[in-house]
1. Given the peptides 95-101, 65-71, arrange them by the average over their residues of other C-beta atoms within 10 Å, most packed first.
2. How far is helix 19-35 tilted off the main Cα axis of the chain, in degrees rounded to 10, range 0 to 90?
3. Considering only DSSP beta bridges where both residues belong to the chain, give the percentage that are antiparallel (nearest 5).
4. Residues with beta-carbon under 13 Å from that of Leu132, excluding Leu132: net charge, scoring Lys, Arg +1 and Asp, Glu -1?
5. Order by neighbour count: Ile2, Ile57, Ile124, fewest other Cβ atoms within 10 Å first, most last.
6. Would you work out the Kirkwood radius for region 49-156? I mean one over the mean of 1/r across all pairs of different Cα atoms, in Å.
7. Taking a ≥ b ≥ c as the square roots of the eigenvalues of the Cα gyration tensor of region 13-69, is the shape rounded (a/c under 1.5), prolate (a/b larger than b/c) or oblate?
8. Which of Leu8, Leu134 comes first, and how do the rest follow, when ranked by fewest Cβ neighbours within 10 Å?
Amino acid sequence: MIVHQIFLKVSDKTIDDYPCYLEGSALWQEFCSKNGWEYRLHTEVDESIMTEEELNILNEGIKRYPFFAVDYYRYIFLCKYGGMYVDLDVLPTDKFIEIKDQDIIVGRTSPRDDGKHFVNNNIIKLTPDINLKLKNYSHHEFYTKKKVKVYDTWRKRFFLQTVSCQMFARFCKLNKITYNNNFDDYFVDYSTGTWANH
């Protein structure tokens, strides 16, 4: 099993500007070492694992919104290598060991004003067939939304609807995938939302 995390240089910030990211990376590396898992921190896009279509989507998406690369690339490497993706600001608790072998684990948003949570792509562990369906669904949403004129100016919304949390929530609803009700027993989510500040 591989735990993937990602920090691409899409703004003037570096990973050192986020102490919780360094903490998260260290905790996941420690977990992987103890449990015989592999840990990978992706700091660059490996274009050699991408098709021409995927590269075109990546490059057009980046032009619309730089953080597109961060969310889209996770679907690429999950299809290629399998494993589990985890945001750098999501940390495992000691109880995560109890669910680590589940085939499907997905993240959860912070509570909204009404106290409700929704699935989130801050954690993704899916079976290979569902990883492929997810990537293909993001492609479908990309091609559909780019035909809608308003997304030429609603760039952040284009990102959210095609590769980020809103697209992922729709995909999970369509495929009857939900987060574990005891999410807080297994994870600590600092919810830094670095993309939301740009």
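1. Details: 95-101: 14.0, 65-71: 21.3.
The densest-packed peptide leads the list: 65-71, 95-101.
2. Compared with the principal axis, the helix lies near 60 degrees.
3. On the way: 10 of 17 bridges.
Bridges in the chain that DSSP calls antiparallel: roughly 60 percent.
4. Working: positive: Lys80, Lys133, Lys135; negative: Glu54, Asp129.
The answer is +1.
5. Numbers: Ile2 15, Ile57 23, Ile124 26.
Fewest to most other Cβ atoms nearby, the residues stand as Ile2, Ile57, Ile124.
6. Values: mean 1/r = 0.0643 Å⁻¹.
Kirkwood hydrodynamic radius for region 49-156: 15.6 Å.
7. Details: a/c = 4.13, a/b = 1.65, b/c = 2.50.
Since a/c reaches 1.5 but b/c is at least a/b, the shape of region 13-69 is classed as oblate.
8. Arranged by neighbour count, lowest to highest, Leu8, Leu134 become Leu8, Leu134.
Computed from the coordinates by the stated procedures, all read-outs in this text should not be read as laboratory data. Only a predicted model underlies this, so the values are computations on that prediction, with no experimental measurement involved. Heads up, the Cβs are rebuilt from the backbone with ideal geometry, glycines too, and the neighbour counts pull from every protein chain shown.
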